[in-house]
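Participant: Below is the structure I would like to discuss, written out as structure tokens.
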């Protein structure tokens, strides 16, 4: 086992578990869906009363799909503000004419309810507490709105444990781009060989970290086979607390 100086974690579905069923439930066209749209629409409705809840929901989904399409092209991040602009375009509202305070309020409401859907297993908190006494810790996460990521970490009681929290919307690039990994290492003044990366997504966490020369622990609770074209991770664990047996 190399003598690592730091452990870097993915956030969602690694450190914290995101449960979409904890999002508010809304009925759209006779179907029950878990979404923040029911809380966002009243904020929008104050300024744009002609937009129905159903139209808003479909535009919200379409904005996410378009953001994912753009991200897949070259791993550039599409920020939450950019995604809001896509949403307004779908609603045939000129994004340049939307008041900034309205966008900020919508982002804040969205962040609140997303953070409430993120769960921290007690054993994950115990692991982080144990590792903090031995290693420098950081988070490297793909997410389009840094305040939400900070809110999730703070709500879980984790924020103070991490020396660096590197979120893709501030960096401008998403994993597996090497840029976001190098950003995290630069903030810690470490070389790739000094750190272990821990994540659950082979196509972004394992691939990205291995590309920059970092060792990787793949959190693979379902014991899924490694997808083709992905480098072999250095370690594989069925649950995050199993890291203690490796470090």
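Participant: Do we have residue 164 as modelled with pLDDT of 95 or more and either within 13 Å of residue 6 (Cα to Cα) or not assigned by TED's automatic domain parsing to the domain that holds residue 220 (or both) here?
Facilitator: Details: modelled with pLDDT of 95 or more: yes; either within 13 Å of residue 6 (Cα to Cα) or not assigned by TED's automatic domain parsing to the domain that holds residue 220 (or both): yes.
In short, yes.
Participant: Another question, if that's okay. Which condition number does residue 29 fail, the rest of (1) within 17 Å of residue 86 (Cβ to Cβ); (2) exposed (fewer than 14 other Cβ atoms within 10 Å of the Cβ) being met?
Facilitator: (1)
Participant: Go over the candidates 174, 151 one by one and state the one that is surrounded by 18 or more Cβ atoms within 10 Å (Cβ to Cβ), closer than 23 Å to residue 23 by Cβ, in the same structural domain as residue 235 (by TED's automatic domain parsing) and at pLDDT below 95. Explain how you work it out, then say what you get.
Facilitator: Details: 174 fails: at pLDDT below 95.
After applying the criteria, what remains is 151.
Participant: Quick check, is residue 91 over 22 Å from residue 139 (Cα atoms), surrounded by 15 or more Cβ atoms within 10 Å (Cβ to Cβ) and touching a strand residue (DSSP E or B) at 6+ places or on another chain (Cβ under 6 Å)?
Facilitator: Values: over 22 Å from residue 139 (Cα atoms): yes; surrounded by 15 or more Cβ atoms within 10 Å (Cβ to Cβ): yes; touching a strand residue (DSSP E or B) at 6+ places or on another chain (Cβ under 6 Å): no.
For residue 91, the condition - over 22 Å from residue 139 (Cα atoms), surrounded by 15 or more Cβ atoms within 10 Å (Cβ to Cβ) and touching a strand residue (DSSP E or B) at 6+ places or on another chain (Cβ under 6 Å) - is not met.
Participant: Would you point out the residue of the range 99-117, among those that are touching a residue at least 40 places away in the same chain (Cβ under 8 Å) and over 21 Å from residue 34 (Cα atoms), that is surrounded by the most Cβ atoms within 10 Å (Cβ to Cβ)?
Facilitator: Among those that are touching a residue at least 40 places away in the same chain (Cβ under 8 Å) and over 21 Å from residue 34 (Cα atoms), it is 102.
The values are calculated or read from the model by the stated rules, or taken from the named source; none is laboratory data. Since the model is a prediction, treat every value here as computed from it, not as a measurement. Every residue, glycine as well, gets a Cβ built from its backbone with ideal geometry; the counts of neighbours run over all protein chains shown.
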